[in-house]
Amino acid sequence: MSNSIKENIQNLNREKIKEYLLFRDKEQQELFNVACNVRNNSIFKNNAELRSVIELSNVCRQACRYCGMGKNAEPYTMSKDEILERIYFLANLGRRTFLLQSGENISQNFIDTICECCQKSLEKYADIKFVLCLGNLSDEQYVQLKDSGATRYLLKFEASNPELHKYCRPNDTIENRIERIKKLIELGFQVGTGNIVGLPKQTLDDLVDDLILTTKLKLSMVSATRFIPNDNSEFKNEKIGDLDLTLNYLAILRILHPECLIPSTTSLQDIKNKIDGQLKGLLIGCNTVTVHDGTPPSEEIKYNIYSKNRYIPQEEYCRKIIKQANMKACAYLI
Ligand code: SAH
């Protein structure tokens, strides 16, 4: 059974993958075991990358209907000094990988600030890695960021079905988003992309198409978050994404991408039912955990992509689940 699961997934057998997405109980455990073995036998073995996120700004020109960023919140943008102070503080504690994330803010001043922060910190700490997640920017801005020393960029396609994409992200198109992802790859970034599982109107076939799209791109990182109805978003009354479906999707993603970093995100937490979804993510093949210690606490509430009640993991918790998953925390893996 295990061999055929792996084979059917790697052959992109649509009907089988749809079956696997719905696996529960014993069969689901079998899928998880296959995925976990794929990771442990990969170049990464049982190492997990522990990184910090710094949420730079909630200013955004998109209007993604699932996202609450900047909605019902005062706009904020961290200054150069605030960003550098945070990076140096965390770097002195030993952190080496920084995810710089923000709304899609194309202001040249903002991009200049980020570039300066990357350059300055790399002069001070040569072994720091920057992962940028700043949305669709111009070719020139991507080049500028690359030249400032950032090596990785995350740009999720979110939903590969063109209609679903337009419905969720009315200010963009899937064609444009994919074109931006390809541009980042062409410029030599280590690129990550992915989707959201459980979006309103999303079908199982859409999820298979999302998986297929990830295999067509030269990726270093790949991800899936569970859809969380954000109180400040247009989708606030929609149903939360199914946790098992998301875990199955992530396991399949791991089997398709043995050599990619895959994050276990806070969207997997089920506080109400006391399910530690982030630990589960690590047990089924994920290998990246993000510590939310980079954003000034005063700004945290203004930067809410998931929900104001979202779980905000600190280092102690991240190290605990990495240990529980029989993994080893690392400063970076790529
Ligand atoms: N402006 C950047 C960063 C967006 S936030 C960009 O466009 O890439 C980072 C990720 O959070 C998004 O790519 C999206 O996949 C995820 N996200 C946002 N809101 C979400 C929600 N309600 N549920 C699940 N994932 C969400």
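The values are calculated or read from the model by the stated rules, or taken from the named source; none is laboratory data. Keep in mind the model is a prediction, meaning the values are calculated, not measured. Positions of Cβ are generated from backbone atoms using ideal geometry, with glycine treated the same way; all protein chains shown enter the neighbour counts.
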TODO: Kindly check whether there is at least one residue in the range 144-161 that is crowded, with 21+ Cβ neighbours inside 10 Å, among the charged types (D, E, K, R) and within 16 Å of the chain's Cα centre (by Cα).
DONE: yes
Task: Test result for residue 136, closer than 14 Å to residue 191 by Cβ, surrounded by fewer than 23 Cβ atoms within 10 Å (Cβ to Cβ) and among the polar types (S, T, N, Q) - done: yes
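Between 171, 237, 232, which is at pLDDT below 95 and assigned to a loop (DSSP other than H, G, I, E, B)?
Going through 171, 237, 232 in turn, the sole match is 232.
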TODO: Return yes when residue 321 is under 30 Å from residue 204 (Cβ atoms) and of a type outside the set (Ser, Thr, Tyr) and no when it is not.
DONE: yes
TODO: For residue 265, work out the one condition from (1) more than 16 Å from the ligand (Cβ to nearest atom); (2) within 27 Å of residue 90 (Cα to Cα) it doesn't fulfil.
DONE: (1)
Open item on the list: When you check residue 97 against the structure, is it touching a residue at least 60 places away in the same chain (Cβ under 8 Å) and touching a strand residue (DSSP E or B) at 6+ places or on another chain (Cβ under 7 Å), yes or no?
Closed with: yes
Task: Which numbered condition residue 61 misses (of (1) free of Cβ contacts under 8 Å to residues at least 60 places away in the same chain; (2) within 16 Å of the ligand (Cβ to nearest atom)) - done: (1)
Open item on the list: The conditions are (1) within 16 Å of the ligand (Cβ to nearest atom); (2) touching an Asp or Glu at 6+ places or on another chain (Cβ under 8 Å), and residue 69 fails exactly one of them. Which is it?
Closed with: (2)
TODO: Confirm whether residue 85 is within 15 Å of the ligand (Cβ to nearest atom), surrounded by fewer than 21 Cβ atoms within 10 Å (Cβ to Cβ) and either among the charged types (D, E, K, R) or in a helix (DSSP H, G or I) (or both).
DONE: no
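Which of the residues that make up the range 175-226 are touching a Pro at 6+ places or on another chain (Cβ under 8 Å) and not in a helix (DSSP H, G or I)? Let's see the steps before the verdict.
If we filter the range 175-226 for residues that are touching a Pro at 6+ places or on another chain (Cβ under 8 Å), which is where we start, we get 175, 221, 223.
Within the range 175-226, 221, 223 meet the criteria.
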TODO: Show the residue pairs that are 6+ apart or on different chains and have beta-carbon atoms under 6 Å apart, the first residue being within the range 146-161 and touching a residue at least 40 places away in the same chain (Cβ under 8 Å), the second being within 9 Å of the ligand (Cβ to nearest atom) and in a helix (DSSP H, G or I).
DONE: 157/177
Open item on the list: Being farther than 30 Å from residue 91 by Cβ and modelled with pLDDT of 95 or more is true for just one of 129, 146, 216. Which residue is that?
Closed with: 216
Open item on the list: I'd like the full set of residues that are buried (at least 17 other Cβ atoms within 10 Å of the Cβ) and either more than 16 Å from the ligand (Cβ to nearest atom) or of a type in the set (Phe, Trp, Tyr) (or both), limited to the range 93-112.
Closed with: 95, 96, 97, 98, 110
TODO: Within the range 136-178, track down each residue that is within 11 Å of the ligand (Cβ to nearest atom) and among the small types (Gly, Ala, Ser).
DONE: 159
Open item on the list: Every residue in the range 43-69 that is more than 24 Å from residue 317 (Cα to Cα) and surrounded by fewer than 22 Cβ atoms within 10 Å (Cβ to Cβ), please.
Closed with: 43, 59, 60, 61, 62, 63, 65
Task: Filter result (over 19 Å from residue 288 (Cα atoms) and surrounded by fewer than 23 Cβ atoms within 10 Å (Cβ to Cβ)) within the range 219-229 - done: 229
Open item on the list: I'm told residue 189 meets every condition in (1) crowded, with 16+ Cβ neighbours inside 10 Å; (2) within 18 Å of residue 249 (Cβ to Cβ) except one. Can you identify the failing condition by its number?
Closed with: (2)
